[in-house]
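What follows is a single structure, written as structure tokens, with notes after it.
The values are calculated or read from the model by the stated rules, or taken from the named source; none is laboratory data. Computed from a predicted structure; not experimentally measured. Neighbour counts are summed over all protein chains in view; Cβ atoms, including those assigned to glycine, are modelled from backbone coordinates with ideal geometry. Please note that ligands, DNA and RNA were not included when accessible areas were found on the heavy atoms of the full protein model with its side chains. Shrake-Rupley method; radii C 1.70, N 1.55, O 1.52, S 1.80 Å.
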Amino acid sequence: MKTVYKILMICFLLTSCSSDDDLKFKVLCSVDNPTTDLPWLKAEIEAREQNVTEFSRYLYISQAIHKGEAIIIYADCCPVCNSVYVVYNCRGENIGFIGDGNFTLETLSSGKVIWKTDDNSCSF
């Protein structure tokens, strides 16, 4: 019986664990869910959801860890746009953009999408 219990506990732990980056992000930003627990990000998402345009279907927001710092990236997958992907810290301060010498495309691609429009056209 103890063996069955141990196996069930291991299965539970394996299915409920987050990735290391998810855990680091939660610790660094001190939130469980950035889209609802960070007021500045929640307000940005609400504004995007209320202001729907033709461009909206390309919008998404991701989180990542860059050099030990949790970051939020506003991005899009617009095929005909020349976009700038802005990077924010946990406090909502603009700390740069992808391609500025600090943040590379690898930073964007190593992130996790945390919000996208319902009719999103991006393929992740």
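Brief remarks follow.
- Restricting attention to region 105-121, the residues being farther than 19 Å from HIS66 by Cα and modelled with pLDDT under 90 number 0.
- Region 38-62: number of residues that are acidic (Asp, Glu), surrounded by fewer than 15 Cβ atoms within 10 Å (Cβ to Cβ) and over 15 Å from CYS78 (Cα atoms): 2
- Counted residues, region 78-124 - those being polar (S, T, N, Q), open to solvent by 90 Å² or more (accessible area, probe 1.4 Å) and within 13 Å of the chain's Cα centre (by Cα): 1
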